[in-house]
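S.K.: Pasting a structure below so you can have a look.
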Amino acid sequence: MADDSEPITVDDSEEPTTLPTNVGVSLSGPFESEDKAREFAYRVLGSMRVLGRSMDLSGVDGVTISGDYHEALTALDRGIEGLRPLTASTDEDGVIGIAMAPAVLRDGKLKTHLVFHVHAILGLAEPESELFPLAVHTLAHECAHAMLHTAFDNRFPNVILREGASNYFDRFRLEVTDACWEEYGATRASADWGTDPTDGYVSTFVKALSETDQSANEFILSYRTHGDIDQVLAEVPPLYGNLIKWASYLIGTMHGLDKKISDLPELVEALNGHWFSEYFEKLETAYRKLWERLGEWDERAEFDPIGDIAIDALERGGMKLIKTSPDNTKVEIPFRTWNTPMGGLLNLMGQL
């Protein structure tokens with residue numbers, strides 16, 4: 001186990017890379033000796049220097065690699081109080097989290113700290129291992145998040161970590177926009193590094209596509225009985241936010257590998273006749289425009305199409321958000337045959 005009280009750094013200024021020379025690695029894991037751990041840390045930094053030749057990694061704060069990923073997320077100093085605690089994704093989210101690239105503040109400047117479960121990138125230790133390509137891809141994906149943070153902060157400083165929303169409508173739009181653009185950009189930038197993740201992203205998206213409406217309807221049916229608006233707001237909007245997020249992972253990978261919907265039979269079948277197909281195509285268009293102007297955006301309104309899709313998709317799912325003032329949001333949940341007790345009978349009676 002490496003002593004994480006003394007982060008390992010590499011000074012290799014001769015290589016043309018954007019990775020700062022003072023980036024440190026705090027490491028704990030299943031290593032035979034201190035020397036083995038140190039060798040692995042150097043390999044991680046070496047890989048990042050290579051990535052830094054095509055990605056702007058000038059904003060990387062440091063790297064934490066731990067056998068206790070959850071504890072590493074909890075312990076990370078983000079440089080600002082009052083933030084929502086970092087938590088790893090679980091099966092309920094559709095994927096088990098093993099890596100993250102949270103934004104942090106250091107001396108008033110936005111940086112990105114990479115956090116990995118040690119087994120997520122342990123394959124880097126053995127270039128001949130079948131796990132090596134997956135480790136490379138995982139590292140590239142998180143480095144891409146650092147690149148995106150820097151690009152956005154350069155154009156719109158003092159926004160990430162420091163700007164929020166005072167009403168639910170804007171908060172939902174912003175959270176979906178930020179998360180989905182981030183995953184689109186990260187998957188696009190890392191698509192051709194290591195393992196091709198297309199099949200996994202197709203499966204995850206198709207599963208979400210087949211389950212989201214049914215889950216939303218069940219939550220809304222329960223709401224008709226309990227009447228707790230805060231509860232149903234915590235249940236339904238995240239479903240559609242996640243659906244768009246999984247679409248974004250997939251679209252980013254498709255664009256990065258120059259693939260089309262028609263190249264993926266399982267995706268073609270899932271989207272055929274589904275109401276979300278038009279939104280999938282709208283997302284493709286919005287992301288292409290944003291990527292073409294990466295780091296050169298003139299105004300944040302260029303990201304609005306993603307938020308518009310989020311609001312529209314949620315309404316298709318049975319919940320309408322209406323911003324009534326800078327601080328207030330009105331929520332409407334229309335009665336429909338599929339989300340109302342005895343809806344079919346009421347419809348026959350002309351009551352719906």
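Coordinate-derived values only; no laboratory data. Just so you know, these numbers come straight off a predicted model, no measurement behind them. Positions of Cβ are generated from backbone atoms using ideal geometry, with glycine treated the same way; all protein chains shown enter the neighbour counts.
S.K.: FRET efficiency for residue 336 and residue 71, Cβ-Cβ distance as r, R0 = 35 Å, nearest 0.05?
M.R.: For R0 = 35 Å, the calculated efficiency reads 0.20.
S.K.: On a full-extension model of 0.36 nm per residue, what is the gain between residue 260 and residue 285, subtracting their alpha-carbon distance, rounded to one decimal in nm?
M.R.: Working it through step by step, the gained length comes to 7.8 nm.
S.K.: Pull out the extension gain between residue 215 and residue 107, defined as 0.36 nm times the separation in residues minus the alpha carbon to alpha carbon distance; nm, one decimal. Before the final figure, lay out the partial values.
M.R.: Numbers: separation 108, 0.36 × 108 = 38.88 nm, distance 4.40 nm.
Extending this stretch completely gives an extra 34.5 nm.
S.K.: Listed here are the pairs 109/259; 36/207; 207/259; 111/245; which of them are more than 32 Å apart at the Cα?
M.R.: 109/259; 36/207
S.K.: So for region 78-177, what percent of the C-alpha to C-alpha distances run longer than 19 Å?
M.R.: Pairs farther apart than 19 Å: 55 percent.
S.K.: Right, next: If I model a spin label as a point 7 Å beyond the Cα along the Cα-Cβ vector, how far apart are those points for residue 278 and residue 207 in nm?
M.R.: 2.9 nm
S.K.: Which percentage, to the nearest 5, of the DSSP beta bridges contained in the chain is antiparallel?
M.R.: 60 percent
S.K.: Same structure, new question: Give, as a single signed number, the net charge of other residues whose beta carbon lies under 14 Å from the beta carbon of residue 316, with Lys and Arg counted +1 and Asp and Glu -1.
M.R.: Neighbour charge sum, excluding residue 316 itself: -3.
S.K.: A further question on this structure: With N residues in region 169-348, what two-decimal value do you get for its Cα radius of gyration over 2.2 N^0.38 Å?
M.R.: Values: Rg = 17.4 Å, N = 180, 2.2 N^0.38 = 15.8 Å.
For region 169-348, the normalised Cα radius of gyration is 1.10.
S.K.: Which longest run of the chain has no exposed loop site in it, a site being trypsin sites (Lys or Arg not before Pro) in a DSSP loop with at most 12 other beta carbons within 10 Å, and the site itself not part of the run? Each step should come with its number before you reach the end.
M.R.: Numbers: sites that count: 53, 162, 260, 293.
Formally, the longest exposed-site-free interval is 54-161.
S.K.: I'd like the distance between the alpha-carbon centres of region 106-145 and region 23-67, rounded to an integer number of Å.
M.R.: First find each Cα centre; the distance between them is then 8 Å.
S.K.: Within the chain, what's the longest stretch lacking GluC sites (Glu not before Pro) that sit in DSSP loops with no more than 12 other Cβ atoms inside 10 Å? Kindly include the intermediate steps, with their values, before the conclusion.
M.R.: On the way: sites that count: 14, 32, 81, 128, 130, 163, 296, 299.
By the stated rule (loop sites, at most 12 other Cβ atoms within 10 Å), 164-295.
S.K.: Run the helix sum for the chain: -39,500 (n - 2.57) per DSSP H stretch of 4+ residues, divided by residue count, reported at 222 nm to the nearest 500 deg cm²/dmol.
M.R.: Details: 11 runs with 175 residues, N = 352.
Calculated mean residue ellipticity at 222 nm is -16500 deg cm²/dmol.
S.K.: At 0.36 nm per residue, minus the direct Cα-Cα distance, what do residue 325 and residue 86 gain on full extension? Give it in nm, one decimal, please.
M.R.: Details: separation 239, 0.36 × 239 = 86.04 nm, distance 3.03 nm.
Length gained between residue 325 and residue 86: 83.0 nm.
S.K.: Continuing with the same structure: With angles folded into 0 to 90 degrees, how steeply does helix 229-256 sit against the dominant principal axis of the chain? Use alpha carbons for both and round to 10.
M.R.: 50 degrees
S.K.: Tell me which of 41, 87, 27 sits at the most positive position along the dipole axis of region 8-163, charges placed on C-beta atoms (Lys, Arg +1; Asp, Glu -1).
M.R.: Result: 87, furthest along the dipole toward the positive end.
S.K.: Right, another one. Between residue 304 and residue 222, take the C-beta separation as r, use R0 = 45 Å, and let me know the FRET efficiency to the nearest 0.05.
M.R.: That gives a FRET efficiency of 0.85.
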